[in-house]
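Down below is the structure, laid out as structure tokens.
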Amino acid sequence: MMIERILVIGAGTMGRQIAMSCALAGYATILQDVSAQVLREARAELEGWAASRVAKGKMAREDAELALGRLSQSTDLERSAGQADLVIEAAVEQREIKERIFAQLGCVAPTHAILATNSSTLPSSAIAAASGRPALVCNMHFFNPALVMKCVEIVRNGQTSDATVQAVMGVAKRLGKEPVLVNKEIPGFIANRIMGAINREALELAEAGVASIDDIDTTARTALGHPMGPFELMDLVGLDVIDFIAQMTYAQSGEEQDRPHQLITEKVRSGKLGRKSGEGFYPYTH
Ligand code: 3HC
């Protein structure tokens with residue numbers, strides 16, 4: 001299956017960087033969002049990112065310009081999907097919205113087009129039927145920041161064909177990623193389950209007063225070699241996202257250990273969402 005044109009739906013934190021990764025790998029890429037303002041912000045961020053890589057000598061100016069030239073944007077989902085060989089949906093984590101998008105894609109995307117969702121909480125089986133082409137549907141879960149992180153979890157549902165898995169694996173490799181195949185649609189897939197276990201332990205240590213948040217983070221970095229401590233990472237991902245993942249996991253598993261942690265829930269209630277809001281476990285000056 002030849003993939004040349006990619007449509008990324010949703011220009012938020014993940015979608016914009018996934019789209020840029022596709023453009024850098026040589027794919028004709030459209031970034032689609034319902035908001036023209038969000039698309040403008042995404043374009044400005046990506047141009048800034050490319051300029052800083054050129055300034056650091058990590059990317060040739062010509063390559064940056066070519067990639068940005070391959071990346072177009074649109075608010076029109078129907079028109080953008082018309083030529084796509086692969087759609088990566090990175091819209092908001094709401095089942096009804098994703099279901100509506102997949103139903104629309106089932107009508108307007110070419111019949112051969114693969115439809116992947118970047119969702120970390122919704123298995124593709126929940127929305128595959130709406131598309132009318134379940135064999136061409138899977139999760140393609142990227143990690144934040146998507147331009148940097150190498151992992152992509154390819155999660156197949158019961159009906160995903162081998163050809164679909166091979167095709168999205170091939171795309172992920174061409175993006176310079178190291179894709180992993182998840183054969184069962186379990187809540188949290190692989191990475192978020194491991195991250196959840198680390199976060200749970202870190203939150204319990206902090207709550208019990210065993211050590212400060214700072215010292216717990218330092219320990220994860222200096223004793224375990226993690227690039228960031230758990231609290232720094234939760235702030236990067238967004239405490240609202242962490243809370244939402246916990247809610248969805250708990251709803252699916254019913255296991256006490258998956259219940260959203262009150263420290264996180266309280267922070268979200270008081271608007272402390274991490275880096276994006278200027279404060280989470282740590283304060284940030286942008
Ligand atoms: N966007 C794009 N590029 C970024 C970036 C961002 N937000 N943040 C950092 N970078 C780039 C920098 O430009 C730099 O590039 P260069 O080496 O080519 O100059 C490189 O990353 C390293 O950045 P820094 O030197 O500023 O800082 P660090 O060395 O500390 O790296 C980090 C930053 C890459 C974020 C690193 O700390 C890290 O890997 N942290 C862990 C991130 C992680 O675990 N992500 C997964 C979260 S879970 C998830 O996303 C799943 C979802 O479902 C919740």
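The values are calculated or read from the model by the stated rules, or taken from the named source; none is laboratory data. Everything numeric in this text was worked out from a predicted model, so none of it was measured. Neighbour counts run over all protein chains shown; Cβ positions are idealised from the backbone, glycine included. The accessibility values were calculated without ligands, DNA or RNA, using every heavy atom of the protein model including side chains. Shrake-Rupley method; radii C 1.70, N 1.55, O 1.52, S 1.80 Å.
Count the net charge of all other residues whose Cβ sits under 15 Å from the Cβ of residue 172, scoring Lys and Arg as +1 and Asp and Glu as -1.
Surrounding charge for residue 172 is +2.
Once you list every other residue whose beta carbon is under 12 Å from the beta carbon of residue 117, what net charge do they have if Lys and Arg are +1 and Asp and Glu are -1?
Local net charge: -3.
Show me, bin by bin at 10 Å from 0, the whole-percent P(r) of the chain based on Cα pairs.
Pairs per bin, as whole percents: 6, 27, 34, 24, 8, 1.
Suppose all protein chains stay in the model; what accessible area per residue would a 1.4 Å probe give for the range 191-273, in Å²?
Result: 54 Å² per residue.
Counting Lys +1, Arg +1, Asp -1, Glu -1, what net charge surrounds residue 4 among other residues with beta carbon under 14 Å of its beta carbon?
Computed value for this residue: +2.
Considering only DSSP beta bridges where both residues belong to the range 5-182, give the percentage that are antiparallel (nearest 5).
15
Taking the solvent-accessible surface of protein heavy atoms with a 1.4 Å probe, what is the per residue accessible area of the range 84-186 in Å²?
39
Once you have the Cα-Cα distance between residue 76 and residue 36, take 0.36 nm times their residue separation minus that, and quote the gain in nm to one decimal.
13.4 nm
With all protein chains present, how much of the accessible area of the chain (probe radius 1.4 Å) comes from carbon and sulfur, to the nearest whole percent?
The nonpolar share, carbon plus sulfur, comes to 53 percent.
Largest first, what is the accessible-area ranking of 27, 284 with a 1.4 Å probe?
Largest accessible area first, the list is 284, 27.
With r defined as the distance between the Cβ atoms of residue 52 and residue 244 and R0 fixed at 25 Å, what FRET efficiency is calculated, to the nearest 0.05?
The formula returns an efficiency of 0.25 here.
Quick one: helix 191-207 against the long Cα principal axis of the chain, what's the angle to the nearest 10°, folded into 0 to 90?
Here the helix axis deviates by roughly 20 degrees.
How large is ³J(HN,Hα) for each residue in the range 53-69, as worked out from phi by the Karplus curve 6.51 cos²θ - 1.76 cosθ + 1.60 (θ = phi - 60°), to whole Hz, x for Gly and Pro?
5, 5, 4, 7, x, 9, 8, 6, 3, 4, 5, 5, 5, 5, 5, 5, x
How big is the gap, in Å, between the Cα center of the range 21-56 and the Cα center of the range 191-222?
Between the Cα centre of the range 21-56 and that of the range 191-222, the gap is 34 Å.
Between the helical axis of 162-174 and the dominant principal axis of the chain, each derived from Cα atoms, what acute angle in degrees is found, rounded to the nearest 10?
Computed tilt is about 70 degrees.
Calculate for the chain the 222 nm mean residue ellipticity that helices alone would give, adding -39,500 (n - 2.57) per DSSP H run of length 4 or more and normalising by residue count, nearest 500 deg cm²/dmol.
-15000 deg cm²/dmol, from helical runs alone.
Out of 195, 271, 164, whose Cα points farthest toward the positive end of the dipole of the chain (charges: +1 Lys, Arg; -1 Asp, Glu; placed on Cβ)?
Going by the Cα projections, it comes out as 164.
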